[in-house]
1. Quick one: in chain A, what % of C-alpha pairs are over 25 Å apart?
2. Build a GNM of chain B with springs between Cα atoms under 10 Å: which of B:GLY77, B:GLY28, B:GLY38 gets the top mean-square fluctuation?
3. Anyone know which of B:SER44, B:SER126, B:SER18 comes out most mobile in the 10 Å Cα GNM of chain B?
4. Of chain A, which part is the longest with no chymotrypsin sites (Phe, Trp or Tyr not before Pro) in a loop (DSSP not H, G, I, E, B) and with at most 13 other C-beta atoms within 10 angstrom?
5. On full extension of the chain, what length is gained from A:ALA37 through A:ALA59, given 0.36 nm per residue of separation minus the C-alpha to C-alpha distance?
6. Obtain the radius of gyration and the Kirkwood radius of the protein assembly as shown from its C-alpha atoms and give Rg over Rh.
7. What distance in nm separates the two pseudo spin-label positions at B:ARG22 and A:GLU117, each 7 Å out from Cα along the beta-carbon direction?
8. Treat every Asp and Glu Cβ in the protein assembly as shown as -1 and every Lys and Arg Cβ as +1, leave all other atoms uncharged, and give the resulting dipole magnitude about the Cα centre to the nearest 20 debye.
Protein chains: 2
Amino acid sequence: MFVGLTIKEVSEQFGIPSDTLRYYERVGVIPPVTRTAGGIRDFSSEDIAWVETAKCMRAAGLPIEALIEYVRLFFEGDETFQARLDLLSEQRDLLLERKKQLEETLARLNYKIARYEVAVETGNLSWDDAPGEQEA
Amino acid sequence: MFVGLTIKEVSEQFGIPSDTLRYYERVGVIPPVTRTAGGIRDFSSEDIAWVETAKCMRAAGLPIEALIEYVRLFFEGDETFQARLDLLSEQRDLLLERKKQLEETLARLNYKIARYEVAVETGNLSWDDAPGEQEA
DNA sequence: ATACAACTTCGAGTTTACTCTAAGTCAATA
DNA sequence: TATTGACTTAGAGTAAACTCGAAGTTGTAT
């Protein structure tokens with residue numbers, strides 16, 4: 001009956017709820033999944049590769065809309081190479097900005113944490129003049 | 001009348017809508033803002049420092065709830081050093097994980113982009129056996 | 001003193017991304 | 001073959017984080 005994996009198996013393999021997998025297919029984050037004669041999803045390795053890609057991209061915060069657009073372009077064929085390149089480049093640039101912001105915040109958190117580690121020891125939180133650290 | 005900045009000035013300085021600043025105060029992401037006699041917000045440099053911190057933390061994706069809890073602990077006083085340290089450490093660890101995920105996805109995006117740059121030149125998208133890159 | 005813009009609160013509405021419910025279908029087991 | 005459990009769709013509901021609308025007040029410019 002099944003050649004590939006059931007939705008539950010894919011769900012467990014990737015830690016994505018079955019409901020979310022159905023939702024992804026419904027809105028087009030992944031292409032239509034292979035079905036059995038009875039109409040039940042039977043994920044092929046291609047289907048699974050799409051799920052894997054979607055999981056990775058979503059984990060990094062790419063919006064659903066960008067993934068849907070990518071899938072749409074993919075199935076429009078070879079005339080959309082440039083559009084797909086543009087889409088991917090744009091998302092990459094957004095991720096690079098996010099990474100920069102994340103590193104900035106991490107540095108700040110680490111600084112605060114260091115102060116609180118001292119505070120827990122001494123019972124006193126030191127005030128200093130590092131930018132943006134006057135009070136909080 | 002005003003000793004500090006109006007909500008509009010703060011909004012413009014940080015690129016945060018006035019509505020969002022009011023919302024942040026309402027739910028406790030920032031402490032109650034100083035007011036004029038008439039009840040209009042007059043942001044002191046302390047108020048502004050809290051806004052700046054909130055902006056930085058939110059930009060990195062810390063949840064509203066964590067910021068609210070931090071402000072709450074802050075105003076509970078010196079017995080909450082450990083709790084604040086725990087909160088900050090937890091959020092730092094989450095950011096580190098996100099950063100790792102982001103770097104993974106960036107590497108993958110860069111790989112795809114490189115392939116599409118070739119595809120745009122040659123009119124052909126090359127298939128290879130890099131993990132997870134079979135189709136999409 | 002009188003407009004008029006900018007401020008106020010309160011509550012409702014929006015967006016994104018799921019997540020759940022209901023009603024029904026498929027498939028493996030007793 | 002009957003039952004049990006996993007699957008199906010369609011559509012409604014939820015959570016997080018804003019964002020907007022309405023009705024009323026404050027402050028400034030004439």
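1. Here the long-distance tail beyond 25 Å is 50 percent of all Cα pairs in chain A.
2. Per the Cα network of chain B with a 10 Å cutoff, B:GLY38 tops the list.
3. Maximum among the listed residues: B:SER126.
4. Working: sites that count: A:PHE2, A:TRP127.
Longest run free of exposed loop sites: A:3-126.
5. On the way: separation 22, 0.36 × 22 = 7.92 nm, distance 3.32 nm.
Extra length available between A:ALA37 and A:ALA59 comes to 4.6 nm.
6. A ratio of 1.09.
7. Each label point is offset 7 Å from its Cα along the Cβ direction, giving 4.3 nm.
8. Roughly 540 debye for the protein assembly as shown.
Values quoted throughout were computed directly from the atomic coordinates according to the rules given, and no laboratory measurement underlies them. Worth saying up front: this structure is predicted, and the values here are computed from it rather than measured. Every residue, glycine among them, receives a Cβ derived from its backbone with ideal geometry; neighbour counts consider all protein chains shown.
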